[in-house]
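Below is one structure, written out as structure tokens; comments come after it.
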Amino acid sequence: MSQSTLLQTRELSCIRNDRMLFEHLDFTLEPGQMLVVEGPNGCGKTSLLRILTGLRLADGGEILWRGVPIDRLAGDYYEQVAYVGHHDGVKHELSCLENLRLARAMGVPSTQSLDDVLEQVNLYAYGETEVGSLSAGQKRRLALARLLATDSMLWILDEPFTSLDRDSMAMFASLFEQHLEQQGLIIMTSHHDISLPGQSVQRLHLGAQA
Amino acid sequence: MSHRLSLNQAFVFLLRRDLLLALRNRAEYAMPLLFFVLVITLFPLALGAEPVLLARIAPGIIWVAALLAAMLSLDSIFRSDFDDGSLEQILLSAHPVAVLVLAKVSAHWLVTGLPLLIVAPLLAEMLGMPSSAQGTLLLTILIGTPILSLIGAIGVALTVGLRKGGIILSLLVLPLYVPVLIFAASAIENAAMGFEVSAQIYMLLAFLFLSISLSPWATAAALRMSVS
Amino acid sequence: MFLWFHKLGSPPHFYRIAGKWIPWLTWIFLAFLLTGLYGGLIEAPPDYQQGESYRIIFVHVPSAWMSLLIYVVMAFCGAIVIIWRMKLAEVVLISSAPIGASFTFLALITGSLWGKPMWGTYWVWDARLTSELILLFLYLGIIGLHNAIDDRRVAGRAVAILALVGVVNIPIIHYSVEWWHSLHQGPTVTKFDKPSIHWSMLLPLLLMAMAFQVYYVLALFQKCRVELLRRERNSKWIEEL
């Protein structure tokens with residue numbers, strides 16, 4: 001393990017419904033690196049991501065951030081993490097801006113203005129619109145906008161490109177590249193083949209052991 | 001790189017968000033209040049409108065109805081956030097979850113418990129409760145309804161992930177409500193007869209402080225479990 | 001000593017040890033039960049006020065004690081589950097719940113049967129009985145919540161939280177109901193409290209209490225073994241059995 005390793009897992013295991021999904025999982029992640037988790041449906045990709053965010057407890061092993069177990073870090077770890085899961089995590093009765101303001105209140109605000117953030121995800125025109133009236137793709141873009149509204153090093157993304165069209169996917173792919181270039185980390189799963197040329201991408205395949 | 005908000009700011013933010021959501025979902029929050037009125041109305045219909053009887057049982061009826069209305073309203077604390085993924089985001093916040101939970105429960109009380117302060121005295125009048133007891137009625141509602149929200153939150157947190165959560169919620173929460181019911185109803189009865197109520201009020205206050213200090217932690221633990 | 005405890009916490013080890021103890025416990029339980037019943041039903045003199053019908057306290061009182069004791073044990077397990085996440089503690093907790101509920105129910109039934117010759121009705125809103133009724137609901141809540149959650153480990157944690165919340169509330173509920181009872185029922189002396197404690201009555205009572213405790217451990221071991229089989233059915237040590 002080199003000095004610059006930020007995230008490390010040791011002997012991580014996960015049981016769901018009495019089945020062992022994975023065990024003895026070890027990997028490390030350094031600044032500027034991305035980890036893509038692959039595998040068939042039901043092999044534990046989502047569970048792994050949720051364990052890495054701290055939403056779910058691992059059944060064995062530990063996760064270290066800068067060498068310290070994340071359950072000891074608690075709030076300090078959560079500050080560094082931005083998570084976009086299957087749900088968008090946005091309130092339909094609130095406007096786009098209101099939702100982003102809430103995201104900022106929960107974490108560490110980034111220095112960009114919220115208007116700029118909306119601009120970047122092509123939702124500038126919908127700042128004051130209630131999210132309930134947006135399309136699925138627009139809601140997903142708002143969910144991902146959280147990544148820009150807050151200042152977090154580690155992005156954990158579960159199928160981020162769901163409901164997105166090709167242009168949006170390309171736009172977010174370049175945002176991911178930017179994040180990696182700024183020494184951020186990304187862990188994601190995706191059915192879509194995401195290629196980021198020139199970036200350091202690890203691939204982790206689950207479900208090999210059954 | 002800027003820093004996260006202070007805990008106070010985050011608390012106020014979440015509180016205001018929930019109040020705003022309640023405002024935009026007015027219909028949903030009016031239901032428990034209507035239920036409260038409806039249940040109380042059923043009693044004279046069932047028992048006959050004899051004034052002496054109604055006045056005698058008024059404190060009990062009002063508080064049982066308040067309990068049932070609280071049960072109905074509890075789902076709204078976490079249901080919506082659970083369904084759209086906002087709850088996860090709150091649990092992933094840099095701030096201590098127990099404090100954020102307290103913000104949400106406070107918002108719930110402001111929206112569901114506080115309105116009872118206006119409606120209950122009217123119904124008490126209709127049931128013929130002596131006006132000497134009105135003050136105590138208001139006091140018990142003021143102290144008692146937050147306890148209902150706080151304890152209820154634990155139950156909702158345990159069941160929010162379940163498909164038929166609402167059914168088992170009553171079984172979990174109503175036994176825990178019994179002490180509040182006993183002391184609140186007794187206080188109003190005593191006041192109606194002109195007796196002392198300080199013992200009951202102090203007990204209710206004790207319950208309130210106990211709930212405020214313990215319930216957010218239990219609720220946070222239950223939420224983590226429900227979301228995992 | 002600590003090592004022994006640690007070993008006991010491992011499911012396969014517990015399974016074996018519990019299995020060995022079951023026949024012994026059965027004999028010990030029967031011994032206590034028979035001597036207790038003999039002492040209570042035959043040896044002890046009839047109560048000077050209530051005659052023969054008071055003898056039901058030899059079942060009622062120990063049942064009520066057990067109903068409370070088991071809940072405290074469950075809460076203790078709950079604390080262990082939350083702090084150390086020990087699997088066996090989860091198993092003990094959920095296995096104890098139906099046993100505790102049964103004792104509570106038994107206490108209610110015997111209390112009710114006692115009431116008939118005493119007060120002429122099957123139910124009185126006595127402080128003890130009312131508290132027991134609420135306790136029954138608490139037990140049913142734990143059993144119900146555990147059944148409602150699919151993932152056993154998540155269910156284990158949920159009932160741990162619920163048991164801890166319950167144990168904090170039980171004294172509060174008990175006190176509230178006592179207070180309520182004294183308010184509304186007036187000064188009628190309830191014979192559900194311990195009667196004049198004569199040695200010939202106390203001894204059978206204690207024997208029955210011991211019998212019930214042994215029964216609890218016996219039933220607990222049996223249930224835990226079944227629960228362990230259910231939970232660990234995919235693991236190696238089960239296949240080796």
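The values are calculated or read from the model by the stated rules, or taken from the named source; none is laboratory data. What you see is a predicted model; the values in this text were computed from it and never measured. Glycine also receives a Cβ, built like all others from the backbone with ideal geometry; neighbour counts cover every protein chain displayed.
Some observations on this one:
- Taken over the stretch C:200-241, the criterion of being in a loop (DSSP other than H, G, I, E, B) and within 14 Å of chain A (Cβ to nearest Cβ) is satisfied by C:E232, C:R233, C:N234, C:S235.
- Residue in the stretch C:38-59 that is in contact with a helix residue (DSSP H, G or I) (Cβ under 9 Å, 6 or more places away or on another chain), modelled with pLDDT of 85 or more, surrounded by fewer than 19 Cβ atoms within 10 Å (Cβ to Cβ) and closer than 20 Å to C:A219 by Cα present: no
- Candidates B:A65, B:A58, B:A94, filtered to the one that is under 22 Å from the mean Cα position of the chain (by Cα) and modelled with pLDDT under 95: B:A58
- Elements of the type helices (runs of 4 or more DSSP H) sitting completely within the stretch B:1-76 and holding at least 2 residues that are within 14 Å of chain A (Cβ to nearest Cβ), touching a helix residue (DSSP H, G or I) at 6+ places or on another chain (Cβ under 6 Å) and surrounded by fewer than 19 Cβ atoms within 10 Å (Cβ to Cβ): these cover B:7-24.
- Among the residues listed as C:L113, C:L129, C:L145, C:L133, the single one being free of Cβ contacts under 8 Å to residues at least 40 places away in the same chain and under 22 Å from C:F58 (Cβ atoms): C:L133
- Within the stretch B:205-228, residues that are within 14 Å of chain A (Cβ to nearest Cβ) have Cβ atoms under 7 Å from residues that are surrounded by fewer than 21 Cβ atoms within 10 Å (Cβ to Cβ) and of a type in the set (K, R) in these pairs: B:S228/A:R56, counting only partners at least 6 apart in sequence or on another chain.
- Given (1) free of Cβ contacts under 8 Å to residues at least 24 places away in the same chain; (2) within 12 Å of another protein chain (Cβ to nearest Cβ), index of the condition A:V108 fails: (1)
- Residue match in the stretch A:3-11 (condition: at pLDDT below 90 and touching a Pro at 6+ places or on another chain (Cβ under 8 Å)): yes
- B:G85 among the small types (G, A, S) and touching a residue at least 24 places away in the same chain (Cβ under 8 Å): no
- Among the candidates B:A153, B:A124, B:A98, the residue that is under 25 Å from A:R104 (Cα atoms) and touching a residue at least 60 places away in the same chain (Cβ under 8 Å) is uniquely B:A98.
- Odd one out for A:T28 among (1) more than 12 Å from chain B (Cβ to nearest Cβ); (2) free of Cβ contacts under 8 Å to residues at least 24 places away in the same chain; (3) not in a helix (DSSP H, G or I): (2)
- In the stretch A:77-99, the residues that are facing another protein chain (nearest Cβ under 7 Å) and crowded, with 21+ Cβ neighbours inside 10 Å: A:Y78, A:E79, A:V81, A:Y83, A:G85, A:D88, A:G89, A:V90, A:K91
- Enumeration of residues in the stretch C:108-151 that are within 14 Å of chain B (Cβ to nearest Cβ), among the charged types (D, E, K, R) and surrounded by 19 or more Cβ atoms within 10 Å (Cβ to Cβ): C:E132
- Residues satisfying the stated conditions in the stretch B:156-171, i.e. assigned to a helix (DSSP H, G or I) and either touching a Phe, Trp or Tyr at 6+ places or on another chain (Cβ under 9 Å) or more than 9 Å from chain C (Cβ to nearest Cβ) (or both): B:V156, B:A157, B:G166, B:L169, B:S170, B:L171
- Taking (1) more than 14 Å from every other protein chain (Cβ to nearest Cβ); (2) part of a helix (DSSP H, G or I); (3) within 18 Å of B:F36 (Cβ to Cβ) in turn, B:L114 satisfies each apart from (2).
- Residue under evaluation A:R166, criteria (1) out of contact with any Gly (no Cβ under 9 Å at 6 or more places or on another chain); (2) among the charged types (D, E, K, R); (3) within 10 Å of another protein chain (Cβ to nearest Cβ), criterion not met: (3)
- Which numbered condition C:A148 fails, given (1) of a type in the set (G, A, S); (2) at pLDDT below 90; (3) over 22 Å from the mean Cα position of the chain (by Cα): (2)
- For the stretch C:78-96, the count of residues that are of a type in the set (F, W, Y), within 24 Å of C:R230 (Cβ to Cβ) and out of contact with any helix residue (DSSP H, G or I) (no Cβ under 9 Å at 6 or more places or on another chain) is nonzero.
- Reported count of residues in the stretch A:40-74, each being within 13 Å of chain B (Cβ to nearest Cβ), part of a helix (DSSP H, G or I) and surrounded by fewer than 16 Cβ atoms within 10 Å (Cβ to Cβ), is 1.
- The set of residues from the stretch A:124-133 being in contact (Cβ under 8 Å) with a residue 12 or more places away in the chain and either of a type in the set (F, W, Y) or surrounded by fewer than 21 Cβ atoms within 10 Å (Cβ to Cβ) (or both) comprises A:Y126, A:G127, A:E128, A:T129, A:E130, A:G132.
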